[in-house]
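Working notes for the structure below.
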Amino acid sequence: MEDFRREGPRIDVDALCWEVADDGETSALAVDLSQDGIRIERPYLGGRSREVVPLQLDIPGIDEILWARGDVCFDHIVQVKGPAGGRLGLMRRTGYRIALAACRDRRMIREYV
């Protein structure tokens, strides 16, 4: 079994991110970024998290959408107050390991971090 714990720096970001699924795109907020991973948050709407997800990421200051395939490292549902929790008052936090991305996109993430 491989150990996917982070080894490099991790920075806080406020970036738009979309998970692409069979039934469409789900928007989220990327809140944490490293060279090899990303943590996103969005209101919990029910259902289960998929193990492998295509991701679109709009990093602030870079005028391009980055594409990657993310493998789920963790998926937590937490209770929050305020509008961020949606109508259920719950937020889903998911950590993805960037498993596959174009060399150009990986380089942009590495330079940003």
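The values are calculated or read from the model by the stated rules, or taken from the named source; none is laboratory data. Quick caveat: nothing in here was measured; it's all calculated off a predicted structure. Cβ coordinates were reconstructed from backbone atoms using ideal geometry, including for glycine residues, and neighbour counts include every protein chain displayed. The protein model used for the area step is the full one, side chains on, heavy atoms only, and it has no ligands, DNA or RNA in it. Shrake-Rupley method; radii C 1.70, N 1.55, O 1.52, S 1.80 Å.
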Protection proxy (average C-beta count within 10 Å per residue), highest first, orders 65-73, 101-109, 82-90 as 65-73, 101-109, 82-90
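Sorted by packing (mean other beta-carbon atoms within 10 Å per residue), highest first, where do 42-49, 30-37 land?
Working: 42-49: 12.8, 30-37: 19.0.
Going from most to least packed, we get 30-37, 42-49.
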Between LEU90 and ASP14, the two model label points (7 Å from Cα along the beta-carbon direction) sit apart by a distance in nm of 2.7 nm
Checking GLU19, GLU51, GLU41 against a Gaussian network model of the chain (alpha-carbon springs below 10 Å), the top fluctuating residue turns out to be GLU51
With Cα coordinates, the longest principal axis of the chain makes an angle with the long axis of helix 103-112, in degrees rounded to 10, of 80 degrees
Once normalised by the length of the range 17-61, the mean sequence separation of its alpha carbon contacts under 8 Å that are 6 or more apart gives a contact order in percent of 42 percent
With label points set 7 Å from each Cα along the Cα-to-Cβ direction at LEU29 and CYS73, the distance between them in nm comes to 2.1 nm
Percent relative contact order for the chain, counting Cα pairs under 8 Å at least six residues apart, stands at 26 percent
Counting only protein heavy atoms with a 1.4 Å probe and every protein chain in place, the carbon and sulfur fraction of the accessible surface of the chain in whole percent equals 50 percent
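Assigning unit charges at the beta carbon (Lys, Arg +1; Asp, Glu -1) and nothing else, what dipole magnitude in debye, to the nearest 20, does the chain show about its Cα centre?
Using only the charged Cβ atoms, the result is roughly 320 debye.
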